[in-house]
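A.B. asks: What follows is a structure written as structure tokens; I'll ask about it next.
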Amino acid sequence: MRVSDLTVVERGSKIVVRFTVPKLTTEGLPIRDNPEIEIRLGEVPGAGWSLPAWEKSSTRVPARLITVKDGQATALVDTAGLYGKTEVVMARVLGPAGRNIGWSAPVNLTIVPPLPTPEGLAAKDAPDAVRLDWHAAAGQFRVFRSSAAEADWKQIGVADKPFYLDSDIVFGTAYQYQVQAIEKAGDAYAESEASNAIPFTPADRFPPAVPAGLTAIPGARTIELVWERNAEKDFAFYRVYRDGKRVGDSLTSPAYSDKDAMPGVKYSYRVSAVDTAGNESAQSATAEAAIP
């Protein structure tokens, strides 16, 4: 059968060619032995596309550069001498006596000088995120992550500068990170080799924002406090302080009624926010009030 899933990418100083080796003949019969694989690279002939002309001018990838594992064929070809060229890559599998049904669909690949592998990848805690920093002279980068729950590497984002904030995290979960430089080349992207993988387990070290808009409203027998609600996803509760002493705790709503206030006495109030890790914000601006 014809090769139907050919992929070609430039990674570092290599062209990586991959496809699934067909398991059946055109008659639907299983292929028992390892068939002969032919992969060719060549520029489009100057007079325009012609399959016979391309076959004649193209270069066959040596068999020693092709490996087959679990039904997947992989070839690694050096890019030396090909920079600035656009290569047409095709593959086919040959049956007994060299019989075949034809080439796969062509893949065009524009070759650029190898991209530098990102170095110095480091991770640190940031508010509700993990911040990644690295060094590499490239225009864009792919960021990858894995964990016990995500055994395979998963691309989580693309960065235009050598840093990235991963905000889709769970504190206390052990992650691994890798970064890869990329560059647009023709209709595809050239890739660097992936950076060294680094482990990191994020911890919540950052308190919520200081509550804003605290207002104290005296009533007949109480002083009512209201303020703006915090929006942090790990927000837990509020604490209320009167004249520096905590008088309210574990408040989930941005309001408090001070029923112990005495008439004719001016009180000063402040509010703080606490997150699920126990980090407490600084106290808000002071609001004063007295029951008449």
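The values are calculated or read from the model by the stated rules, or taken from the named source; none is laboratory data. Given the structure is predicted, the values throughout are model-derived calculations rather than measurements. Quick reminder, even Gly has a Cβ in these numbers, built from the backbone with ideal geometry, and neighbours come from all protein chains shown.
A.B. asks: Take residue 130 and decide whether it is surrounded by 14 or more Cβ atoms within 10 Å (Cβ to Cβ), out of contact with any Cys (no Cβ under 9 Å at 6 or more places or on another chain), touching a residue at least 60 places away in the same chain (Cβ under 8 Å) and over 20 Å from residue 13 (Cβ atoms).
C.D. replies: Working: surrounded by 14 or more Cβ atoms within 10 Å (Cβ to Cβ): yes; out of contact with any Cys (no Cβ under 9 Å at 6 or more places or on another chain): yes; touching a residue at least 60 places away in the same chain (Cβ under 8 Å): yes; over 20 Å from residue 13 (Cβ atoms): yes.
The answer is yes for residue 130.
A.B. asks: Taking the conditions exactly as written (without any contact (Cβ under 8 Å) to a residue 12 or more places away in the chain, surrounded by 12 or more Cβ atoms within 10 Å (Cβ to Cβ) and not in a strand (DSSP E or B)), does residue 47 satisfy them or not?
C.D. replies: Numbers: without any contact (Cβ under 8 Å) to a residue 12 or more places away in the chain: yes; surrounded by 12 or more Cβ atoms within 10 Å (Cβ to Cβ): no; not in a strand (DSSP E or B): yes.
No, not satisfied.
A.B. asks: Let me ask something additional. Tell me whether the range 67-90 contains one or more residues that are more than 35 Å from the chain's Cα centre (by Cα) and small (Gly, Ala, Ser).
C.D. replies: Residues of the range 67-90 more than 35 Å from the chain's Cα centre (by Cα): none.
Within the range 67-90, not a single residue is more than 35 Å from the chain's Cα centre (by Cα) and small (Gly, Ala, Ser).
A.B. asks: So in the range 1-44, with the set limited to residues that are outside any loop (DSSP other than H, G, I, E, B) and of a type in the set (Ser, Thr, Tyr), which one is farthest from the chain's Cα centre (by Cα)? Before you say what the answer is, go through the steps one by one.
C.D. replies: Start the filter on the range 1-44 by keeping residues that are outside any loop (DSSP other than H, G, I, E, B), which leaves 7-11, 14-20, 24, 30, 36-43.
Then drop every residue that is not of a type in the set (Ser, Thr, Tyr), which leaves 7, 20.
Values: 7: 22, 20: 27 Å.
That would be 20.
A.B. asks: Considering only the range 50-88, state which residues are part of a loop (DSSP other than H, G, I, E, B) and touching a residue at least 12 places away in the same chain (Cβ under 8 Å). Even if it seems obvious, please write down each step before you answer.
C.D. replies: Initially, the range 50-88 is screened for residues part of a loop (DSSP other than H, G, I, E, B), giving 50, 58, 61-62, 70-71, 79-85.
The answer is 58, 61, 71, 79, 80, 82, 83, 84, 85.
A.B. asks: Pick out the one residue from 143, 130, 112 that is out of contact with any Gly (no Cβ under 8 Å at 6 or more places or on another chain) and of a type in the set (A, V, I, L, M).
C.D. replies: On the way: 143 fails: out of contact with any Gly (no Cβ under 8 Å at 6 or more places or on another chain); 112 fails: out of contact with any Gly (no Cβ under 8 Å at 6 or more places or on another chain).
None of the others qualify; the one that does is 130.
A.B. asks: Consider residue 241 carefully, then state whether it is touching a Leu at 6+ places or on another chain (Cβ under 8 Å) and of a type outside the set (Asp, Glu). Show your work before the answer.
C.D. replies: Numbers: touching a Leu at 6+ places or on another chain (Cβ under 8 Å): no; of a type outside the set (Asp, Glu): yes.
Spelling it out, it is not the case that residue 241 is touching a Leu at 6+ places or on another chain (Cβ under 8 Å) and of a type outside the set (Asp, Glu).
A.B. asks: Follow-up question, since we're still on this one. Where residues in the range 237-292 are in a loop (DSSP other than H, G, I, E, B) and of a type in the set (A, V, I, L, M, F, W, C), which of them is nearest to residue 213 (Cα to Cα)?
C.D. replies: Here is the first cut: in the range 237-292, the ones in a loop (DSSP other than H, G, I, E, B) are 243-244, 252-254, 259-262, 264-265, 276-279, 281-286, 292.
Then keep just the ones that are of a type in the set (A, V, I, L, M, F, W, C); that gives 261-262, 265, 277, 282, 285.
Numbers: 261: 21, 262: 24, 265: 23, 277: 24, 282: 14, 285: 8 Å.
Here the residue is 285.
A.B. asks: Something else: Name the one entry in 201, 215, 222, 252 that is over 30 Å from residue 108 (Cα atoms), exposed (fewer than 12 other Cβ atoms within 10 Å of the Cβ) and at pLDDT 95 or above.
C.D. replies: Step by step, each of 201, 215, 222, 252 is checked, and only 252 is over 30 Å from residue 108 (Cα atoms), exposed (fewer than 12 other Cβ atoms within 10 Å of the Cβ) and at pLDDT 95 or above.
A.B. asks: Would you check which residues across the range 101-120 are part of a loop (DSSP other than H, G, I, E, B), surrounded by 13 or more Cβ atoms within 10 Å (Cβ to Cβ) and in contact (Cβ under 8 Å) with a residue 40 or more places away in the chain and list them?
C.D. replies: Initially, the range 101-120 is screened for residues part of a loop (DSSP other than H, G, I, E, B), giving 101-106, 111-118.
Filter again for surrounded by 13 or more Cβ atoms within 10 Å (Cβ to Cβ), leaving 101, 103-104, 106, 111-112, 114-118.
101, 103, 104, 111, 112, 114, 115, 116, 117, 118 - these are the residues of the range 101-120 that are part of a loop (DSSP other than H, G, I, E, B), surrounded by 13 or more Cβ atoms within 10 Å (Cβ to Cβ) and in contact (Cβ under 8 Å) with a residue 40 or more places away in the chain.
A.B. asks: Name the one entry in 170, 179, 130, 158 that is among the hydrophobic types (A, V, I, L, M, F, W, C), modelled with pLDDT under 95 and outside the structural domain of residue 17 (by TED's automatic domain parsing). Spell out how you get there, then give the answer.
C.D. replies: Working: 179 fails: modelled with pLDDT under 95; 130 fails: modelled with pLDDT under 95; 158 fails: modelled with pLDDT under 95.
None of the others qualify; the one that does is 170.
A.B. asks: Additional query: Mind checking which residues of the range 1-44 are under 29 Å from residue 115 (Cα atoms), surrounded by 16 or more Cβ atoms within 10 Å (Cβ to Cβ) and in contact with a Phe, Trp or Tyr (Cβ under 6 Å, 6 or more places away or on another chain)?
C.D. replies: 6, 42
A.B. asks: Could I ask something else about it? Could you list, ordered by first residue, the pairs with Cβ atoms under 9 Å in which the first is in the range 148-177 and within 24 Å of residue 277 (Cβ to Cβ) and assigned to a strand (DSSP E or B) and the second is polar (S, T, N, Q) and at pLDDT 95 or above, at least 6 apart or interchain?
C.D. replies: Pairs that qualify, where the first residue is within 24 Å of residue 277 (Cβ to Cβ) and assigned to a strand (DSSP E or B) and the partner is polar (S, T, N, Q) and at pLDDT 95 or above, are 175/146; 175/201; 176/146; 177/146; 177/195.
A.B. asks: For residues in the range 13-41 being among the aliphatic types (A, V, I, L, M) and modelled with pLDDT of 85 or more, which is farthest from residue 89 (Cα to Cα)?
C.D. replies: First, pick out the residues of the range 13-41 that are among the aliphatic types (A, V, I, L, M): 15-17, 21, 24, 29, 31, 37, 39, 41.
Keeping just the survivors that are modelled with pLDDT of 85 or more gives 15-17, 21, 37, 39, 41.
On the way: 15: 10, 16: 11, 17: 9, 21: 16, 37: 13, 39: 7, 41: 5 Å.
Among those that are among the aliphatic types (A, V, I, L, M) and modelled with pLDDT of 85 or more, it is 21.
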